[in-house]
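These notes are about the structure you will find just below.
The values are calculated or read from the model by the stated rules, or taken from the named source; none is laboratory data. Note that the coordinates shown come from a computational prediction; the quantities given were computed from them, not determined experimentally. Glycine also receives a Cβ, built like all others from the backbone with ideal geometry; neighbour counts cover every protein chain displayed. What goes into the accessible areas is simple: the full protein's heavy atoms, side chains included, and nothing from ligands, DNA or RNA. Shrake-Rupley method; radii C 1.70, N 1.55, O 1.52, S 1.80 Å.
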Amino acid sequence: MDTEYIYQIITLGVKACVDRDAVKFASLFTPSGEIILKKDQKIVKPDLERVTRDYFASLEYIKIDVLSVMIQGNRACLEWLWEDFNQLKQQKNSQENLILITFEEGLIQRWREYRG
């Protein structure tokens with residue numbers, strides 16, 4: 001898989017988050033893909049769209065500043081600064097995340113997020 005293609009998939013993932021588009025975000029994963037969030041919370045592909053949609057629905061906005069992207073083979077490391085505003089809690093959230101991504105057959109197989 002070529003580096004430019006992987007970078008494009010990452011860019012689409014960032015845009016899907018900013019646009020709060022759960023359908024688009026979930027479409028970037030393989031059928032057996034998974035995302036692992038804080039405290040080893042694993043979300044598998046069949047649940048990804050629903051869980052992401054529910055989460056995005058609670059947010060007024062999402063801003064993401066990509067700090068760095070490193071790609072080697074079928075793996076990438078993404079560092080971003082995430083900011084959102086939770087409408088239910090009336091609270092702004094900001095955090096720096098490191099995300100390790102593994103690609104398979106042109107899509108994301110595994111997205112593992114670490115909070116800074």
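What's the total number of residues in the stretch 20-41 that are in contact with a strand residue (DSSP E or B) (Cβ under 8 Å, 6 or more places away or on another chain) and among the acidic types (Asp, Glu)? Selection size over the stretch 20-41: 1. Looking only at the stretch 29-49, filter to residues that are within 14 Å of the chain's Cα centre (by Cα) and assigned to a helix (DSSP H, G or I); which one of those is surrounded by the fewest Cβ atoms within 10 Å (Cβ to Cβ)? If we take residues in the stretch 29-49 being within 14 Å of the chain's Cα centre (by Cα) and assigned to a helix (DSSP H, G or I), then Lys38 is surrounded by the fewest Cβ atoms within 10 Å (Cβ to Cβ).
Look at (1) under 14 Å from the mean Cα position of the chain (by Cα); (2) farther than 21 Å from Met1 by Cβ and you find that Leu78 fails only one, number (2).
Looking only at residues in the stretch 97-114 that are hydrophobic (A, V, I, L, M, F, W, C) and over 11 Å from the mean Cα position of the chain (by Cα), the one that is surrounded by the fewest Cβ atoms within 10 Å (Cβ to Cβ) is Leu107. If I ask for residues that are open to solvent by less than 60 Å² (accessible area, probe 1.4 Å) and in a loop (DSSP other than H, G, I, E, B), which ones from the stretch 51-96 would you list? Correct list: Ser58, Gly73.
Remark: pairs (first residue in the stretch 8-19, farther than 16 Å from Ser58 by Cα; second residue among the small types (Gly, Ala, Ser) and buried (at least 16 other Cβ atoms within 10 Å of the Cβ); Cβ separation under 8 Å; 6+ apart in sequence or on different chains) = Ile10/Ala76. Within the stretch 75-115, the set of residues being polar (S, T, N, Q), more than 21 Å from Lys39 (Cα to Cα) and touching a strand residue (DSSP E or B) at 6+ places or on another chain (Cβ under 9 Å) comprises Gln87, Gln91.
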